[in-house]
Amino acid sequence: MSESVNPLIPAWYDVAWSTSVAVALVLLVIALISLSRAARLLSSLQALVWTLIVIFAPIAGPLAWMFIGKRSAKASHTGSPQR
């Protein structure tokens with residue numbers, strides 16, 4: 001049996017999709033670990049919303065958490081007056 005080659009889809013296409021899926025999964029895991037560590041700085045609703053964003057927006061969600069969410073969580077925690 002000989003393996004047929006699809007002339008419409010080049011071989012690098014499979015490599016590009018596999019790489020992008022791997023990157024998305026790595027970002028997801030990193031963001032969820034970071035989010036779980038920062039959850040004590042967030043309210044329950046904020047943690048839930050960020051978790052849903054990270055899970056359902058494959059690349060944009062984890063990047064948004066890493067660049068926006070972590071900073072705002074730390075800022076709101078350190079910016080509040082300690083009594």
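The values are calculated or read from the model by the stated rules, or taken from the named source; none is laboratory data. These numbers come from a predicted model, not from an experiment. Glycine also receives a Cβ, built like all others from the backbone with ideal geometry; neighbour counts cover every protein chain displayed. Accessible surface is based on the protein model in full, side chains and every heavy atom, while ligands, DNA and RNA are left aside. Shrake-Rupley method; radii C 1.70, N 1.55, O 1.52, S 1.80 Å.
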request  = Could you please put Thr51, Thr19, Thr78 in sequence from largest to smallest accessible area, using a 1.4 Å probe?
outcome  = Thr78, Thr19, Thr51
query = For helix 11-38, what angle does its Cα long axis make with the longest principal axis of the chain, in degrees from 0 to 90 and rounded to 10?
reply = 20 degrees
request  = Specify the residue with the greatest mean-square fluctuation among Ile59, Ile68, Ile30, computed from a Gaussian network of the chain linking alpha-carbon atoms under 10 Å apart.
outcome  = Ile68
request  = Tell me what the chain gives for mean residue ellipticity at 222 nm when only DSSP H runs of n ≥ 4 count, each as -39,500 (n - 2.57), the sum divided by the residue total, rounded to 500 deg cm²/dmol.
outcome  = -22000 deg cm²/dmol
query = How do Trp12, Trp50 rank by accessible surface area computed with a 1.4 Å probe, from largest to smallest?
reply = Trp12, Trp50
task = Could you look at segment 1-66 and say what percent of its accessible area is carbon and sulfur, using a 1.4 Å probe and all protein chains?
result = 73 percent
inquiry  = Quick check for you: with a 1.4 Å probe and neighbouring chains kept, what is the accessible area per residue of the chain, in Å²?
reply    = 79 Å²
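Relative contact order for the chain using alpha-carbon pairs under 8 Å, separation at least 6, rounded to a whole percent? Intermediate values should be presented prior to the final figure.
Values: 42 pairs, mean separation 23.8, N = 83.
Contact order relative to length: 29 percent.
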request  = Can you check what the net charge comes to around Thr78, using other residues whose Cβ is under 14 Å from the Cβ of Thr78 (Lys, Arg +1; Asp, Glu -1)?
outcome  = +4
